[in-house]
Structure formats: structure tokens, C-alpha cells
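Q: I am attaching a structure below and will ask some questions about it afterwards.
The values are calculated or read from the model by the stated rules, or taken from the named source; none is laboratory data. Keep in mind that what you see is a predicted model, and the values were worked out from it rather than measured. Here the Cβ positions follow ideal geometry from the backbone for every residue, glycine too, while neighbour counts run over all protein chains shown. Just so you know, the surface numbers come from the protein's heavy atoms only, side chains and all, with ligands and any DNA or RNA stripped out. Shrake-Rupley method; radii C 1.70, N 1.55, O 1.52, S 1.80 Å.
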Amino acid sequence: MNPPDSPHKIRRLNNPLFSEKLCLSPQMETQANHVDKIFEEGSTPAKFVRNYASYLSTLLEKMDARAVEKVIECFLAARERGNTLYFIGNGGSAATASHFANDLTIGTRGAHKPFKAVSLTDNVAVLTAVGNDSGYDQIFVQQLQALLAKGDVVIAISASGNSPSVLKGVEYANTRGGITVGITGFDGGLLAQSCAIRLHVDTPKGEYGPVEDMHLIFNHMIGNYLMRVVRHNA
């Protein structure tokens, strides 16, 4: 067994994925990003991991702490009003939506004055019914038509900021007295232009991993702060 910092390289065999230079399709060639470069420069898994972590540190240093604070203030105000926080997203962002709702509703342990947080990504029957009958771009807006009240907050999570289902949900909330929060990556897409409050991770297009990592970090920063607010005021 080789020690962690061994110069021993993984055998590349004939797999083009492990050629000395990363092989990208013509479509991806124009979207080469930091993670691609880290892979090309890393001779071992350990080096790749260290460099990936270093890149995340760079993104954390660039984080807009005031933007995170605005989201926290928004959530606290909704709690005081008794409004609900609705989280929406697709793919990895759907998982983050579920995680976020869990950490706020259950993780804060605020039974006397709870954060009413719901992920609209969790009901498989609803998602498949709407997707099948009305189209996938309707999966969130039709749920919000049934649930959204004035003053409720819709938190839309999207790395690209251009997911049609997410954008339609935000558009509906904006016209029905909802407050919209966009958590985005890349260049922000249309979502960053559509939300009242924006929490953005500025990266080249295609960096889904680092962007989603940062979104989960935002989740834990916000959740941990609010947990302690609830505890302090109990």
C-alpha cells in the first residue's frame, strides 16, 4: 500500500479519461473550469483533493457575508410573522432544498416558535403527477398555487440559475406577494435577476460540484446560526 503522499500514480491503462491531458467533448471544451484544471495538474488523488479543497477555500474567501446575513434576516422575519419557507431546486439542488428544510424545521429545535420550512422537492407522487400531466416546468408552480400565502418565502436553489421549473416558481411567487431568495452559481442566470434577495457563488459555467458545495455550506452557516438564536431566546 502506498502512503498518502506517495508519487505512485494510478495506472491509466487505455482509458482516455485518464490520459495525461483531460479529454473533453467539443461541447465541454468551451466550459473548461477550475476543477478540470485541478484534475489535469493532479498526479494523485491526494493532490487532487488538496487542490479542490484549496479552491473551495478561495470561494469561501470571496463569499459575500452581508448577502448571507440578508437571508438570515429574511428567515427570522418570516418566523416572526408565522410565514412558511418553501425550498425548490433540481438534481443536487433538490437534495440541498430537502437538507435546508430539515435543518431549519427540525434542526433548530424551535417548537415554541418554529421555522415553518418545506421542501417542494420531496413528494414523488406530486412531482410525477404534475410532470406527467402538465410538464416538468410546472412541478413547483402548481404546488405554490395550492400552498403559497402572502409573505411566504420561496428559496430557489440553482447552480445555473436557468432552470425553467425554478424560474416559473419564482415568477409565480413574485406576483402573489411572496418573497423570493435566489441561491445561484456560475453567472447567476435569470434567477439572480428575478429574486428580491440573492446569494451567489461566482464561478465559471459548469462548476456544479464547487457551487453545490458552497450552497451546502450556506445551509450549515445559516442553520447553525439560527439554531443558536432559537436556543438563546428560549
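Q: Tell me the Kirkwood hydrodynamic radius of segment 101-232 in angstroms, computed as one over the mean inverse distance between distinct C-alpha pairs.
A: This gives a value of 15.6 Å.
Q: Here's another thing I want to ask about it. Computed over the Cα atoms, what is the radius of gyration of segment 162-233 divided by 2.2 N^0.38 Å, N being its residue count?
A: 1.26
Q: Considering just Cα atoms, how many Å³ per residue does the convex hull of segment 74-117 enclose?
A: Given the Cα convex hull of segment 74-117, per-residue volume reads 52 Å³.
Q: Sticking with this one: Between segment 118-161 and segment 185-208, how many Å separate their Cα centres?
A: Distance between centres, Cα-based: 20 Å.
Q: For residue 126 and residue 70, FRET efficiency with R0 = 25 Å and r from the beta-carbon atoms, rounded to 0.05?
A: Approximately 0.25, to the nearest 0.05.
Q: So, by mean Cβ neighbours within 10 angstrom, what's the order for 141-149, 166-174 with the highest one leading?
A: 166-174, 141-149
Q: For the chain, what does the equivalent ellipsoid look like in terms of its semi-axes, each the square root of 5 times an eigenvalue of the Cα gyration tensor, given largest first in whole Å?
A: 36, 22, 16
Q: Right, next: From the cross-link list 116/168; 150/205; 37/62, which pairs have alpha carbons spaced over 28 Å apart?
A: In this structure, 150/205 lie more than 28 Å apart at Cα.
Q: Also: Over the chain, what percent of the accessible surface lies on carbon and sulfur atoms, probe 1.4 Å?
A: 56
Q: Related question: Averaged per residue, what accessible area in Å² does segment 139-216 show with a 1.4 Å probe, protein chains only?
A: 37
Q: May I ask for the net charge around residue 221, where only other residues with Cβ less than 11 Å from the Cβ of residue 221 are counted and Lys, Arg are +1 while Asp, Glu are -1?
A: Its environment carries a net charge of -2.
Q: Still on this structure, please answer the following. So what is the orientation-averaged projected area of segment 33-92, using the convex hull of its C-alpha atoms, in nm²?
A: 6.1
Q: Moving on to the next point. In deg cm²/dmol and to the nearest 500, what is the mean residue ellipticity at 222 nm of the chain if only DSSP H runs of at least 4 residues count, each as -39500 (n - 2.57), divided by the residue total?
A: The helix contribution divided over the chain gives -16000 deg cm²/dmol.
Q: So what is the relative contact order of the chain, in percent, for Cα pairs below 8 Å that sit 6 or more residues apart?
A: Here the relative contact order equals 19 percent.
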